[in-house]
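The values are calculated or read from the model by the stated rules, or taken from the named source; none is laboratory data. None of the values given here were measured: they were computed from a predicted structure. Cβ coordinates were reconstructed from backbone atoms using ideal geometry, including for glycine residues, and neighbour counts include every protein chain displayed. Side chains included, ligands, DNA and RNA excluded: accessible areas come from the protein's heavy atoms. Shrake-Rupley method; radii C 1.70, N 1.55, O 1.52, S 1.80 Å.
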Amino acid sequence: MHRRCVLSSFHSQLEQSVFRYLRQDPKQPILYVLGRGIQTSLSMEYSREIELGHLLFLSRFSEEVTTVTPESAYLRNLLMVDMADDLFIPYVRPGGSLERLLTSPMARSKSVLTLDLPANKALIQRGARIYRPKQLVGHLGRQWSSPRPRY
């Protein structure tokens, strides 16, 4: 089975849920990127995954940086964009920091997947592809077309 390494800040509640889901597969490679320094008090609940080489915490900040700020989050996100092969951006708030990040030269060279949401219209117009997982209920690995009209 081919497992793609997942790189994220796992910041929001939804992302934390995704992190817990990914951890269910003991061989899923995960890079957890922090917008602050790595604290020595990092919970040892992750020690087994770290020892097996399936989970790695990364930070570009020293241990003294203990709070995530808009600036440190932006720098963290630049690091993630630099490291990633492809980007999955589920939602972009027009005028937000993520939209600004996606206009950076580093991000413009990456393949972007997104969700088919009205707010992502500009992102899709700039070339992002719509993410359609094959695991969706009723999805048979093909694009669904509109039903043919009956006369």
Legend entry - Solvent accessible area, Å² - residue 17, 1.4 Å probe, full protein context: 50
Legend entry - Accessible surface of the stretch 59-128 [probe 1.4 Å, protein heavy atoms]: carbon and sulfur percent: 55
Legend entry - Estimated 222 nm signal from helices in the chain, with DSSP H stretches of n ≥ 4 weighted -39500 (n - 2.57), rounded to 500: -7500 deg cm²/dmol
Legend entry - Average accessible area per residue (Å²) across the stretch 13-119 - probe 1.4 Å, nucleic acids and ligands excluded: 63
Legend entry - Whether the stretch 48-92 is rounded, prolate or oblate, judged on the alpha carbon gyration tensor where a/c under 1.5 counts as rounded: oblate
Legend entry - Spacing of the two label points (7 Å from each Cα toward its C-beta) at residue 129 and residue 28, in nm: 2.2
Inset, instruction - Find, among the GluC sites (Glu not before Pro) in the stretch 15-105, those assigned to loop by DSSP (not H, G, I, E, B) with at most 13 other beta-carbon atoms within 10 angstrom. - result: 63, 64
Legend entry - Solvent-accessible area of residue 67 with every protein chain in place, 1.4 Å probe, in Å² to the nearest 10: 90
Inset, instruction - Principal axes first, then extents: for the Cα atoms of the chain, list largest minus smallest coordinate on each axis, whole Å, largest first. - result: 70, 36, 25
Legend entry - Ranking by accessible area, most exposed first, for 11, 54 with a 1.4 Å probe: 11, 54
Inset, instruction - Measure nothing but the geometry: give the 0 to 90° angle between the long axis through the Cα atoms of 70-83 and the longest principal axis through the Cα atoms of the chain, rounded to 10°. - result: 70
Legend entry - Rounded tilt (10° steps) of 13-22 against the dominant C-alpha axis of the chain: 90
Legend entry - the stretch 1-37: trypsin sites (Lys or Arg not before Pro) falling in loop per DSSP and having at most 16 other Cβ within 10 Å: 3, 4, 23, 27
